[in-house]
Amino acid sequence: MPAMRRVLVCALMLLLQGCRGGSGEGGGSPPPDDRPNIVLIVADDLGYADLGVQGSSDVLSPRLDALAAEGVRFTSGYVSAPDCSPTRAGMLTGRYQQRFGHERSPPRPSPPGVGLPVEETTLSDLLRSAGYATGLVGKWHLGVDPEFHPMNRGFDEFFGFLWGKHSYIDWSADISNPILRGFEPVVESTYLTEAFTREAVSFIRRHRDGPFFLCLSYNAVHEPLESPPQEYLDRFSDVADPARRIFLAMLAAMDDGVGEVLDELEATGAAGNSLVIFLSDNGGAPAVNASLNTPLRGEKAELWEGGIRVPFFLRWKGHVPAGVVYDDPVIQLDIFPTALVAAGVAPPGDRLIDGVNLVPHLDGSDTREPHAELFWRYGTPSAVRKGSWKLIRPGGVPPQLYDLIEDVGETTDLASSRPEVVAELDADLAAWKAELIPPRW
């Protein structure tokens, strides 16, 4: 099976390079102060078009635009689900979340035992075992029972909330979903995006000697649409649509926050030795938060491109080139092996890892596409991308086929004119589904 071969090759490369294992042993591993910091910044429900660098004319996102220019911007950057929680489950494990039944976001209220299975090894587990300081700031959404708490899943520190959304203004609005510092509820009047930025900056400052892993998981720009301080609204006084104006202000607050985090990396001298990744957890939800996915079809909770293709950037100074636009498909599952290889940490050898280390593909040492195929299943709908072809089974209708190079908006169904491609991709999709387990909820 090609995916399994990729895992074995990755593990062999790590051994040949003398990479550090999860136990911290390994004769060829670099000294701890030479290992890169890893900063993973996740936006929530950000549309594909909702950054200046992504082509938006009404957005003000100078810091995220600059981050994209300083590294690699993926034009075909995907997530493995059009929904918040399953994307995060795949991101932290490097595995299609359908392999362990985390196919949709947990119901609320949830019965006991609903969350990222404890049998799954997280990126934070492995990095903490290797001596990294690990911190999560922001949204978790991978279970609320004690065994699923971030500090029981590899994070030394946690400041944020456990469910899928939260008020930005009233920290006490949902007593069953408090803002937590560690395990203890806290209440402030600070706009939540600004509080998350503050905590992320503090984490970097306190762990400046590294190495550290910081996951900054903003809930912006997920609904509810709640205005940040007036100064942000004032930047968009010419925007007539009140919902879009609030959305843009919320996005600007997040962009400023990302800038503060990047500035702190510079101030502490950590920027030159930090792998920084930014992405959205799924596509935008225009009817709910006034986001935009143009020119893509569809939105959050759908397997059309607008639900699964997202803004996605990677910067690692001195290791990947700057100012590159990369068109081959990549997926958030790749963050797991990319970060582990950068840190010199071996992946788990007892399970299939679906992500790949992106660095060789970005520095030119591997000219192949990172993935021969990418797959999705979200309940009944399913899809596969292979090269420029995408086959989607929306559910209730025959499969549809699109050439994404020629038709990124998925407007012209080619299934009837290319039945041989439909048959090939449908067989591949069926074979992948046969490896999965049913959804756990």
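Read-outs throughout are calculated quantities, based only on the coordinates presented, and are distinct from any laboratory measurement. Since this is a predicted model, take the numbers as computed values, not measurements. Note that we place each Cβ from the backbone using ideal geometry, even for glycine, and neighbour counts take in every protein chain shown.
Looking at segment 80-100, is at least one residue in contact (Cβ under 8 Å) with a residue 24 or more places away in the chain, under 21 Å from residue 290 (Cα atoms), in a loop (DSSP other than H, G, I, E, B) and not acidic (Asp, Glu)?
There is at least one residue in segment 80-100 that is in contact (Cβ under 8 Å) with a residue 24 or more places away in the chain, under 21 Å from residue 290 (Cα atoms), in a loop (DSSP other than H, G, I, E, B) and not acidic (Asp, Glu).
Of the residues in segment 210-226, how many are of a type in the set (Ser, Thr, Tyr) and in contact with a Leu (Cβ under 8 Å, 6 or more places away or on another chain)?
Of the residues in segment 210-226, the ones of a type in the set (Ser, Thr, Tyr) are 217-218.
Subsequent filtering for residues that are in contact with a Leu (Cβ under 8 Å, 6 or more places away or on another chain) retains 217.
Number satisfying all stated conditions: 1.
From the list 365, 417, which residue is under 30 Å from residue 275 (Cα atoms), polar (S, T, N, Q) and without any contact (Cβ under 8 Å) to a residue 60 or more places away in the chain?
365
Which one of these is under 20 Å from the mean Cα position of the chain (by Cα), in contact (Cβ under 8 Å) with a residue 60 or more places away in the chain and crowded, with 24+ Cβ neighbours inside 10 Å: 311, 286?
Values: 286 fails: crowded, with 24+ Cβ neighbours inside 10 Å.
Unique residue meeting the criteria: 311.
Scan segment 341-351 residue by residue and report those that are touching a residue at least 12 places away in the same chain (Cβ under 8 Å) and assigned to a loop (DSSP other than H, G, I, E, B).
Within segment 341-351, 344, 346, 347, 348, 349, 351 meet the criteria.
With the structure loaded, tell me whether residue 329 is within 23 Å of residue 388 (Cα to Cα) and not hydroxyl-bearing (Ser, Thr, Tyr) or whether it fails that test. Walk me through how you get there before you give the answer.
Details: within 23 Å of residue 388 (Cα to Cα): yes; not hydroxyl-bearing (Ser, Thr, Tyr): yes.
Yes: the conditions hold for residue 329.
Any residue that is closer than 23 Å to residue 189 by Cα, within 20 Å of the chain's Cα centre (by Cα), in contact (Cβ under 8 Å) with a residue 12 or more places away in the chain and in a loop (DSSP other than H, G, I, E, B) - is there at least one of those in segment 223-243?
Looking through segment 223-243, at least one residue is closer than 23 Å to residue 189 by Cα, within 20 Å of the chain's Cα centre (by Cα), in contact (Cβ under 8 Å) with a residue 12 or more places away in the chain and in a loop (DSSP other than H, G, I, E, B).
Return the residue satisfying two criteria in turn: it lies in segment 355-383 and is touching a Pro at 6+ places or on another chain (Cβ under 8 Å) and aliphatic (A, V, I, L, M), and of such residues it is surrounded by the fewest Cβ atoms within 10 Å (Cβ to Cβ).
372
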